1. Within region B:113-127, can you find the residues that are at the interface with another protein chain (Cβ under 7 Å from one of its Cβ atoms), open to solvent by less than 10 Å² (accessible area, probe 1.4 Å) and under 19 Å from the mean Cα position of the chain (by Cα)?
2. Can you report the number of residues in region B:54-112 which are on the phi > 0 side of the Ramachandran plot and more than 14 Å from chain A (Cβ to nearest Cβ)?
3. Do the conditions hold for B:Leu176, that is, is it open to solvent by 50 Å² or more (accessible area, probe 1.4 Å), assigned to a helix (DSSP H, G or I) and within 14 Å of chain A (Cβ to nearest Cβ)?
4. Inspect all residues belonging to region A:141-158 and state whether any of them is touching a Phe, Trp or Tyr at 6+ places or on another chain (Cβ under 7 Å) and open to solvent by 10 Å² or more (accessible area, probe 1.4 Å).
5. Need a quick list: helices (runs of 4 or more DSSP H) entirely within region A:168-233 having at least 3 residues that are open to solvent by 40 Å² or more (accessible area, probe 1.4 Å).
6. Considering only region B:215-232, how many residues are open to solvent by less than 10 Å² (accessible area, probe 1.4 Å), of a type in the set (S, T, N, Q) and either more than 16 Å from ligand 1 (Cβ to nearest atom) or assigned to a helix (DSSP H, G or I) (or both)?
7. For a quick check of your reading of the model, give me the residue pairs whose first member lies in region B:55-83 and is more than 17 Å from B:Arg270 (Cβ to Cβ) and open to solvent by 10 Å² or more (accessible area, probe 1.4 Å), whose second is assigned to a helix (DSSP H, G or I) and of a type in the set (S, T, N, Q), with beta-carbon atoms closer than 6 Å and at least 6 apart or on different chains.
8. Those residues that are within 11 Å of ligand 1 (Cβ to nearest atom) and in a strand (DSSP E or B), I need them from region B:44-75; list them, please.
Amino acid sequence: MTQQPNPALAMSSKARSRIADRTFWAICLIAGIAVLAILGLILGSLISQSMPAFREAGLDMFTNTRWVPNDPDADGPAGPIYGLLAFAYGTVVVSIIALIFAVPVSLGIALFLTELAPRRVRGTVVTFIDLLASVPSVVFGLWGVLVVAPALVPVYQWLHGTLGGIPVLGRLFGEAASGRNFMTAGIILALMIVPIITSISREVFDTVPDSDKQAAWALGATRWEMIKGSVLPHSFGGVVGAIMLGLGRAMGETILVALVMGSAVQITPNLFAGGYALPGAIVNLFGESSGTFTAVLMVMGVVLFVMTVLINLLARVIVRRAEVRMKGATA
Amino acid sequence: MTSVTSISTLIPGNASAMPTSSARTVMQLTDVSVFYGAYEAVRGTTMPIREHQITAMIGPSGCGKSTVLRSLNRMNDLINGARIQGTITFHDQDLYAPNVDPIQVRRRIGMVFQKPNPFPKSIYENVAYGLRINGIKDNLDGRVEKALRDAALWDEVKGKLNTSGLALSGGQQQRLCIARAIAVQPEVILMDEPCSALDPIATGKIEDLMHELSRTFTIVIVTHNMQQAARVSHYTAFFTAEVDDKQVRHGRLVEFNDTGRIFTNPNDKRTEDYITGRFG
Ligand SMILES: Nc1ncnc2c1ncn2[C@@H]1O[C@H](COP(=O)(O)OP(=O)(O)OP(=O)(O)O)[C@@H](O)[C@H]1O
Ligand SMILES: [Mg+2]
């Protein structure tokens, strides 16, 4: 107590901790730069590879709904037409359908697991969901084509019969020629992204402080009112994040969507019609393409990339604003 | 004895701190024991809660004050394995009778916690939440304003009702929690160390508030602050932890009496030791 610590010793230990600090900082910096560099490289080469398409097809790609990349019988237009809108439409529609099914189911399961289920049930369900997550998407796709699509045809026909007559809305429920369509693809896709949304939401719900739940209980809340008052407001940001991860997977999913949805290049409100999505088109057409055609497929990649980035930015803005409203500027 | 008198001088001289002898009994605990699993945390508590009076629970840490408090509005039901023995009545009705719905109980017996816990929602929505879940839809604005006024918070927040409740200071948050609790017009409000996270000024505000509120509500408060118990309460229950012959600690109610009596002339030696600081 009485003896002062040796100043030299104190200094050297401080210097050591500073070296450790710096090393850590350097590692973080390198990792961060590496991520940015890889991302930049991908985007850079995508854009440079797609330049020929921009030169030849130009902005027509983003406004034209027709897709006639080559014209074997020479009875069509004089040159190839590279309209990408139908593919973007396919990606958007399938992803929206997938979210409409997956989000309520995932949040329902996650709430059930965190707020209701006894521990034993919890473990079983979690194992089951993890198993679902490990099924390769091609298996989902094959199952969708071989089993689900044919099985759903009568359902679609019935829906068309009952809802098809409604004015505007009825157009969504048109004729179902086969089960391979937007709807089936969306449903199978939903199945594929349920595990990821569920497991992340579950972790988010688990972080809701007990004191917040007690506050609701003490006001005489029922379980559902407690969830609405405490759990959901607390988890909003995290849940949106979970949904975004699911959406990212849905938008990028290739083989499943290509298998289940077929390859009809069309923009139609009919959810029971076939379609084509960007990732599937890239994979299917890459082998037979060359020159400008290949460059157009690169543009598809850029479009997918930009769509994902925009959606994520939008989600960030929404979350940020909601958090400020709910938790104050410090959140 | 000097310290006893020094504490007793803290009892406000006005009559409002004197218990109203005619006050009705709203709740009655009779031989109540509370268990967590096999562990009997509190043993054999018998005491009344009187209408429009403030009842303080004091005692060393771990003696079961919060446990007893939570059993008064069945918050213990939420803890796995918690159960009670004995009876607690509310207007002569058994709170733990099989046909009693704990959710209805909590709507009539509210609670304010040690740590301010506003919902991550706007100030307005925090107060309106209880009204909404009670199905009250008419005049929400008026009711929210009244609750905030009664909680002595209105003037500080009236311009920013749509900002987050979490953006308030700790003391304001606690008054928001009080506003939230009183908005639904419960009969009894239970407070578990409501001032322990607050500075003396905020504490003073909440103590003044409790006096005001006791005109309308019945209040039970757990506190570690002896002066606070002496200042605000009409009745005081002193709990302590006892070790039985099997070396297990149980909380026990030692003495229940008018606050004036407890702080100037307690019946039990242990009470006197505790309030004079010779214990715990
Ligand atoms: N959820 C619980 N599960 C099991 N035992 C518990 C639980 N809560 C409290 N206990 C036990 O019950 C006893 C009384 O606890 P309680 O929280 O009621 O004490 P307290 O008087 O409020 O203490 P403090 O003044 O520190 O808040 C303690 O021995 C504690 O360990
Ligand atoms: Mg306590």
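The values are calculated or read from the model by the stated rules, or taken from the named source; none is laboratory data. Owing to the predicted nature of the structure, the values given are computational and were not obtained by experimental measurement. Please note: Cβ atoms are built from the backbone with ideal geometry, for glycine as well, and neighbour counts cover all protein chains shown. Accessible surface is based on the protein model in full, side chains and every heavy atom, while ligands, DNA and RNA are left aside. Shrake-Rupley method; radii C 1.70, N 1.55, O 1.52, S 1.80 Å.
1. The one that is at the interface with another protein chain (Cβ under 7 Å from one of its Cβ atoms), open to solvent by less than 10 Å² (accessible area, probe 1.4 Å) and under 19 Å from the mean Cα position of the chain (by Cα): B:Asn117.
2. Result for region B:54-112: 6.
3. Against the criterion (open to solvent by 50 Å² or more (accessible area, probe 1.4 Å), assigned to a helix (DSSP H, G or I) and within 14 Å of chain A (Cβ to nearest Cβ)), B:Leu176 does not qualify.
4. There is no residue in region A:141-158 that is touching a Phe, Trp or Tyr at 6+ places or on another chain (Cβ under 7 Å) and open to solvent by 10 Å² or more (accessible area, probe 1.4 Å).
5. Numbers: elements: A:182-206, A:210-218, A:223-226.
Fully inside region A:168-233 and qualifying: A:182-206.
6. 2
7. If the second residue must be assigned to a helix (DSSP H, G or I) and of a type in the set (S, T, N, Q), the pairs left are B:Arg70/B:Asn76; B:Ala82/B:Asn76.
8. Initially, region B:44-75 is screened for residues within 11 Å of ligand 1 (Cβ to nearest atom), giving B:57-71, B:75.
Result: B:Met57, B:Ile58.
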